[in-house]
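Colleague: This is the structure, below, for whatever I ask next.
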Amino acid sequence: MMVLHSMDRDPENLQLVELAVYQLPDDEFTPQNACLYMEQIFGMSELEVEHIYFMCVDDQNRILSVYLNGIGNEIHCENETAPLAIYLLLSKAAGFAMFHNHPNRIWQASQDDIESNETLQKIADAMNVKYLGSFIVGDMCYVKVGDPSIEPLPI
């Protein structure tokens, strides 16, 4: 089971808001199955503006939840790291990965994607959780940010 969360950002009352629950196989996280779930459930290929999601895993590397971090425009979405850190604490995640789409269908990671990937690794290190990577998802394919090949891999 995977839960989609948003966060009530009232500073007086930080809490997760459950938006939906999805039944998933009890699979271990792999880039391929995680990207497939993101495509099937959230329709990453169909989104007309950039969306950023974070997926949390437990200590057995099983998918726990997904957090919608931001919705941007056709070419950019601001990655808010403070709410991510709070989300990781509240969800008791052992690890996380980032997923986003490129509505312009350009598979190459942008400079923002690369810098965000580095920042997320620092957050993971500081919080002592696993960072499983950042993935660009769409058209039943994915690219892992930071991999030398920019050729999309099939889901």
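Colleague: Need one number for the stretch 101-155: average projected area of the convex hull over its C-alpha atoms, nm². Provide the component values of the computation, followed by the final result.
Modeller: Details: hull surface 15.8 nm².
Mean projected area of the Cα convex hull: 3.9 nm².
Colleague: Note the direction-averaged projected area, equal to a quarter of the hull surface, for the Cα convex hull of the stretch 24-136, in nm². If you can, show how the numbers build up before the last one.
Modeller: On the way: hull surface 25.5 nm².
Projected over every direction and averaged, the Cα hull of the stretch 24-136 covers 6.4 nm².
Colleague: Could you pull out every residue, at least 5 positions away or on a different chain, whose amide H is within less than 5 Å of the one on Ser134? Hs are placed 1.01 Å off N in the peptide plane, and Pro or chain starts have none.
Modeller: Met98, Val145
Colleague: Rg and Dmax of the stretch 63-113, Cα atoms, in Å?
Modeller: 12.5, 34
Colleague: Can you return the lysines within cross-link range of Lys92? Criterion is Cα-Cα under 23 Å, with same-chain partners fewer than 8 residues away left out.
Modeller: Lys122, Lys130
Colleague: Stretched out fully, how many nm does the piece from Asp112 to Ala82 gain, at 0.36 nm a residue minus the Cα gap? Provide the component values of the computation, followed by the final result.
Modeller: Details: separation 30, 0.36 × 30 = 10.80 nm, distance 1.70 nm.
Value of the extension gain: 9.1 nm.
Colleague: Still on this structure, please answer the following. Based on the mean of other beta carbon atoms within 10 Å per residue, what is the order of 140-153, 43-56, 79-92, most packed first?
Modeller: Numbers: 140-153: 14.4, 43-56: 18.2, 79-92: 16.6.
Taking the mean over residues of other Cβ atoms within 10 Å, the ranking is 43-56, 79-92, 140-153.
Colleague: Restricting to Cα atoms and excluding each atom paired with itself, what does the Kirkwood estimate give for the stretch 32-97 in Å?
Modeller: On the way: mean 1/r = 0.0794 Å⁻¹.
One over the average 1/r among Cα pairs gives 12.6 Å for the stretch 32-97.
Colleague: Could you order the peptides 121-132, 27-38 from most to least packed, using the average number of other C-beta atoms within 10 Å per residue? If you can, show how the numbers build up before the last one.
Modeller: Numbers: 121-132: 14.3, 27-38: 18.2.
Final packing ranking: 27-38, 121-132.
Colleague: Distance from the Cα centre of the stretch 116-152 to that of the stretch 29-104, in angstrom?
Modeller: Here the answer is 10 Å between Cα centres.
Colleague: What list of ³J(HN,Hα) values in whole Hz, one per residue of the stretch 130-140 in order, does the Karplus curve 6.51 cos²θ - 1.76 cosθ + 1.60 (θ = phi - 60°) give from phi, with Gly and Pro shown as x?
Modeller: Per residue, the Karplus-derived 3J(HN,Hα) values read 7, 9, 8, x, 10, 10, 9, 10, x, 6, 6 Hz.
Values in this text are rule-based calculations from the coordinates and carry no lab data. Values in this document were obtained by computation on a predicted structure and should not be read as measured data. Every residue, glycine among them, receives a Cβ derived from its backbone with ideal geometry; neighbour counts consider all protein chains shown.
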